[in-house]
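Quick notes on the structure that follows.
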Amino acid sequence: MRLDVRLIVSGSTGRTVLLDPAGSLPRFATEGDQDEAAIVAVDRLLREEWRFPVPVLETHPQWHGVPEGEPIPVLIMTERAPDSWTPPVGLVFGPLPGNVDGLPASLRPRAREWLAELRSDALPPPLRPRWARPGWSARATAWMRTAAAAAGRPLVDEPRPFYLRGISALLRAPTATGDLFLKAVFPPFHAEPILTQLLAGRFPSHLPTVLAIEPDEGWLVVGDIAATLISELPKGDRANALAIGARALVEIQSVLAGRPGDLAILSAAGAPHRPLGGLAAAFATSVGSDALATPDDPWDVARLECATAAVEQAIPRVEALGLPETVVHGDFHSGNAALVDGRAVIIDWSDAALGDPAVDLVTWISWSRGDIGEIEPAVDAWIRAWSVVIDPSALRDRLDDILVVGAAYQVVSYDGIVRALEPATRYTMAGGAGHFLKEIEAVIERSG
């Protein structure tokens, strides 16, 4: 998709930024991907065309409300330009602009915030992620290079940004035997490095290879699984892949349920304990008057009361099934798993917790968007995998309750994630809670 990019590049000294001949922030067009927060395309252009050696701190793509086919406005903030860098012809460093009225309306609020920080030399706000602060990229790159060499896979080129959002950032770097990724996560996800390393050690066929972790920074280095995600497989291949993925997660969860020592390690690493017993109250808060992750068009009181009642009724019925407490993936969908030599490899354990594994089913089938040909094999495989410890007919009888509880769990997750983001970036996680509220409503309508 086309990107309409505006840049805030501060000068090395004083309160100056890069400006075009009209005194406005520089602008360029490129092709990019909003799912990568535009970082890959922007980084490539800055390096290859501008010879700009400085990391990008934040990409701010504003895709909401943009008509299909129209370019997406994107605001980019970088670290300070070094004295040695020569700007492209026609661009010079000048005083901070007094207004940003020439920018697309969707970019103006964030541009004003960044320029105000430069004008006042203010410290970044507390919720700003580490990778959006000067110096992080150099520190992370140096650690990745050292960690890769220590693991016997030295980098053959510099790490480059691959993903950049408020919840996480990824660097990608080549080695002689395939690419490596450094993943950095924001504070609510800081258990991911230890958790992923432990699971990869216990289940090497179902997780990517972990080369190194730095828990205090929220960093882990993993090998590229070099496989197509299940969500991107041809339609005819997805049903079987979804069944394989469901069995793989249940295998991990059922084994971990019998390893209390491993669960204690995950708890000590910061994996939250989220039993169903606390879900009803958490859900009520997440859809209440102070909720942050509910839809842009808030539901009326009657609809929310109906959803809340359905959640309250479903929880004890799912608890009564007796599924063992274990690790919950928290974001188990077909975009977070791939088939490698016929086995499912599950990635992105950022939102993992300790709780009831029933909550992972709703996300696993949600990306199938009502396609029964995909959903039924996935559900059947999940039920059969748990039938070793739970009566499969009981699971099937309570399937709607399981979906309601899982959807409520996701609403709570989204509310917590949004609260932990810097306010200006919360829009990037908008819509998730609303989607799962509608999942609850769909079950209510289906069950009469």
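Remarks
- Cβ-Cβ under 6 Å pairs, at least 6 apart or on other chains, segment 62-85 side closer than 14 Å to Ala29 by Cβ, far side aromatic (Phe, Trp, Tyr) and not in a strand (DSSP E or B): Ile72/Trp63
- The combined condition, being polar (S, T, N, Q) and out of contact with any Lys or Arg (no Cβ under 9 Å at 6 or more places or on another chain), is not fulfilled by Thr13.
- For segment 247-294, filtering for residues that are more than 22 Å from Ala314 (Cβ to Cβ) and in a strand (DSSP E or B) leaves 0.
- Residue satisfying all of: in segment 1-30; touching a Ser or Thr at 6+ places or on another chain (Cβ under 6 Å) and at pLDDT 95 or above; nearest to Phe52 (Cα to Cα) among these: Val9
- Just one of the numbered conditions (1) at pLDDT below 95; (2) more than 23 Å from Val5 (Cα to Cα) is not true of Leu155: (1).
- The listed residues are Pro215, Pro234, and the only one of them that is in the same structural domain as Gly166 (by TED's automatic domain parsing) and either surrounded by fewer than 23 Cβ atoms within 10 Å (Cβ to Cβ) or at pLDDT 95 or above (or both) turns out to be Pro215.
- Taken over segment 359-398, residues that are among the β-branched types (Val, Ile, Thr) and either surrounded by fewer than 15 Cβ atoms within 10 Å (Cβ to Cβ) or outside the structural domain of His435 (by TED's automatic domain parsing) (or both) amount to 3.
- Residue pairs whose Cβ atoms lie under 7 Å apart, separated by 6 or more positions or on different chains, with the first residue in segment 148-170 and not assigned by TED's automatic domain parsing to the domain that holds Ala420 and the second of a type in the set (Asp, Glu) and buried (at least 20 other Cβ atoms within 10 Å of the Cβ), are Arg160/Asp43; Pro161/Asp43.
- Unique residue being touching an Asp or Glu at 6+ places or on another chain (Cβ under 6 Å) and of a type outside the set (Gly, Ala, Ser) when the list is Trp367, Trp382, Trp386, Trp349: Trp349
- Summed over segment 45-98, the residues that are outside any loop (DSSP other than H, G, I, E, B) and out of contact with any His (no Cβ under 9 Å at 6 or more places or on another chain) give a count of 16.
- Some residue of segment 110-119 being modelled with pLDDT of 95 or more and touching a His at 6+ places or on another chain (Cβ under 8 Å): yes
- Counting only strands (runs of 3 or more DSSP E) that sit completely within segment 336-448, those holding 1 or more residues that are more than 21 Å from Leu323 (Cα to Cα) correspond to 337-340, 343-346.
- Of all residues in segment 399-415 being of a type outside the set (A, V, I, L, M, F, W, C) and buried (at least 18 other Cβ atoms within 10 Å of the Cβ), the one that is farthest from the chain's Cα centre (by Cα): Asp401
- Enumeration of residues in segment 218-237 that are of a type in the set (A, V, I, L, M) and assigned to a loop (DSSP other than H, G, I, E, B): Ile225, Ala226, Ala227, Leu233
- Qualifying residue in segment 103-110 (condition: under 26 Å from Gly166 (Cβ atoms), outside the structural domain of Leu170 (by TED's automatic domain parsing), part of a loop (DSSP other than H, G, I, E, B) and free of Cβ contacts under 8 Å to residues at least 12 places away in the same chain): yes
- Members of segment 173-199 that are in a strand (DSSP E or B), surrounded by fewer than 20 Cβ atoms within 10 Å (Cβ to Cβ) and in contact (Cβ under 8 Å) with a residue 24 or more places away in the chain: Thr175, Gly178, Asp179
- Here the condition is being closer than 20 Å to Ala280 by Cβ, touching a Leu at 6+ places or on another chain (Cβ under 9 Å) and aliphatic (A, V, I, L, M); of Val389, Val404, Val411, it holds for Val411 alone.
- Selection within segment 200-217 - outside any strand (DSSP E or B) and without any contact (Cβ under 8 Å) to a residue 40 or more places away in the chain: Ala200, Gly201, Pro204, Thr209, Asp216
- Scanning segment 106-129 for residues that are surrounded by fewer than 11 Cβ atoms within 10 Å (Cβ to Cβ) and either β-branched (Val, Ile, Thr) or under 30 Å from Gly65 (Cα atoms) (or both) yields a single hit, Pro126.
- Checking each residue in segment 140-152 for being surrounded by 14 or more Cβ atoms within 10 Å (Cβ to Cβ) and either more than 22 Å from the chain's Cα centre (by Cα) or not in a helix (DSSP H, G or I) (or both) picks out Trp143, Arg145, Ala147, Ala148, Ala151.
The values are calculated or read from the model by the stated rules, or taken from the named source; none is laboratory data. A quick note: this is a predicted structure, and the numbers were derived from the prediction, not measured. Cβ sites come from the backbone with ideal geometry, for glycine too, and all protein chains shown count toward neighbours.
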